[in-house]
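Everything on this sheet refers to the single structure shown next.
The values are calculated or read from the model by the stated rules, or taken from the named source; none is laboratory data. Computed from a predicted model, the values in this text were never measured in an experiment. We place every Cβ from the backbone using ideal geometry, glycine too, and count neighbours over all the protein chains shown. Heavy atoms of the whole protein, side chains included, go into the accessibility calculation; ligands, DNA and RNA do not. Shrake-Rupley method; radii C 1.70, N 1.55, O 1.52, S 1.80 Å.
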Amino acid sequence: MSRVRADEEEYWHSSKFRAFTFDDEDDELSQLKESKRTVNSLRDIVDDDDDDLERVSWSGEPVGSISWSIKETASGSTSSLDGRDSSLQKGSSSYAALPKQASSYSLSSLFKGRNKLSSFQSLSDALTDTGVKNYAPELRRPKAEYKDYSSDWSPKDTVRRMQRGKVCSLERFRSLQDKLVLLDEAVAGHDGNVITAVLIFLKRTLRREILFRELELRQVALCHLIHFLREMGEQKFLLDLLRFLDRTEEVALSQYREHLNIQDVEKRREFLKGCIGLPFSAEDTSHIQDHYTLLERQIIIEANDRHLEMAGQSELFRKYPRKASILNMPLVTTLFYSCFYHYTEAEGMFSSPTNLKKTFKIPDKQYVLTALAARAKLRAWGDVDALLTTKNWLGYTKKKAPIGFHRVVEILQRNNAPVQVLQEYVRLVEDVDTRLNLATKYKCHDVVIETYRDLKDRIQLTAYKCKVERGSAEEEKIQSILSNMVRNAY
């Protein structure tokens, strides 16, 4: 043994390595790359359970024997690095090792995580270059990472690794029972991403009938799959699933959603017409019918208004050009458009606001709110007054606002209504505090003065006198009221 050691020491001390130059075709960088490829190629055949197997090198001699080590190290500068990598494999007698501080590690222990005493301690003298030192630690990985290649993870362990973001192959789960256990473990883990990943795997590897039958018993996983199919737009698969579950209304609604993908307005209209006969609930059937009728009405209005706008025959279109098409707009937007451009049309016209109100059964509150906003934007104060004026069966008229006069005032103020118009509707606010707040906020002085007069509040009148302009009509009115209060007091 001492003779062998002496031979080895003599070899290393008499090595004929040349100095590094960039012109060397066989430099240490290429040697290290070759060494790395060799080590990686050995990784797949290393196993903890086959210590009793004899490793054989490419030369045919047992790896790890003394004669093999001497032959491999004596083969030259290029083959020396290859030989060092080849010593990663276990032999029957000894191991080549890399020392690390006080303890020594064989190259095979770097790969397999074992500690071994070195039989060739002088090997560290040759591997003193920085490249090898940086390279060796990269070979040392936790043994647990290589279990993925042996496919021995249980469903529970697989789910846990997926939750930690580890890459796991699900292909090893081949039987239906294993796949269902994997799904149950994913659901028990309460991780939506893991559940979805497992469902994608089952969707790809199971027949639809089997998958649907099992998911019917697992409602959480079923909800995840339905949501995933909707998000990914897999409409055919989703419809098959809903039909299997006998969810006829959901099938109809899923088919109805397809109209969102139809850009051509005529094709969308025909599609909606076909959706009317689908098995919706009574309420949904009414909505589908209204949607079809509204789109049909919008097509007619759009064609007529585009013609009027291009011909320049309407002063309203010239003064207020349209900003967008009315097609595919909601009902409230269509009503606002109609109140803005077609407010005075007869009820028999499709574009008439009253026709829309009657056809789609729009509530009075919604109609007044929309029409008031449209007419106030045009500053048509006469139309606003007519809209809020009602006549009883005796012929008497009065102001009425289903939305409340405080909201009427706010809408008018946003559209820059004059103070005279605002005061008229502020007076109609029933709640005294609300009326005073609105009148003070929007500087409706007459309303404030009249309210304090009716309340016989001399203190507030005196205080408000300081807020109006000196010498104005409002100041004179306040002074007159205060004087009358003094006279009446005596």
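Quick notes
- Taken over the stretch 363-389, the criterion of being open to solvent by less than 50 Å² (accessible area, probe 1.4 Å) and outside any helix (DSSP H, G or I) is satisfied by Leu378, Ala380, Leu388, Thr389.
- Residue within the stretch 240-250 that is open to solvent by less than 50 Å² (accessible area, probe 1.4 Å) and more than 25 Å from Ala186 (Cα to Cα) present: no
The rows are residues; the columns are (1) crowded, with 18+ Cβ neighbours inside 10 Å; (2) among the β-branched types (Val, Ile, Thr).
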| site | (1), (2) |
| --- | --- |
| Ile403 | no, yes |
| Leu422 | yes, no |
| Thr434 | no, yes |
| Lys456 | no, no |
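- Residue in the stretch 417-435 that is of a type in the set (Ser, Thr, Tyr), within 47 Å of the chain's Cα centre (by Cα) and at pLDDT 90 or above present: yes
- Check on Arg269, of a type in the set (Lys, Arg) and surrounded by 16 or more Cβ atoms within 10 Å (Cβ to Cβ): yes
- Checked against (1) assigned to a loop (DSSP other than H, G, I, E, B); (2) closer than 24 Å to Glu270 by Cα; (3) under 42 Å from the mean Cα position of the chain (by Cα), Met349 passes all but condition (3).
- Qualifying residue in the stretch 306-315 (condition: open to solvent by 70 Å² or more (accessible area, probe 1.4 Å), of a type in the set (Lys, Arg), in a helix (DSSP H, G or I) and farther than 26 Å from Val368 by Cβ): yes
- Ser338 farther than 30 Å from Leu378 by Cβ and not assigned by the TED database to the domain that holds Leu222: no
- Boolean, Asn416 is open to solvent by 80 Å² or more (accessible area, probe 1.4 Å), within 27 Å of Ala371 (Cα to Cα) and part of a loop (DSSP other than H, G, I, E, B): yes
- Selection from the stretch 210-232 of residues that are in a loop (DSSP other than H, G, I, E, B) and surrounded by 12 or more Cβ atoms within 10 Å (Cβ to Cβ): Glu216, Arg218
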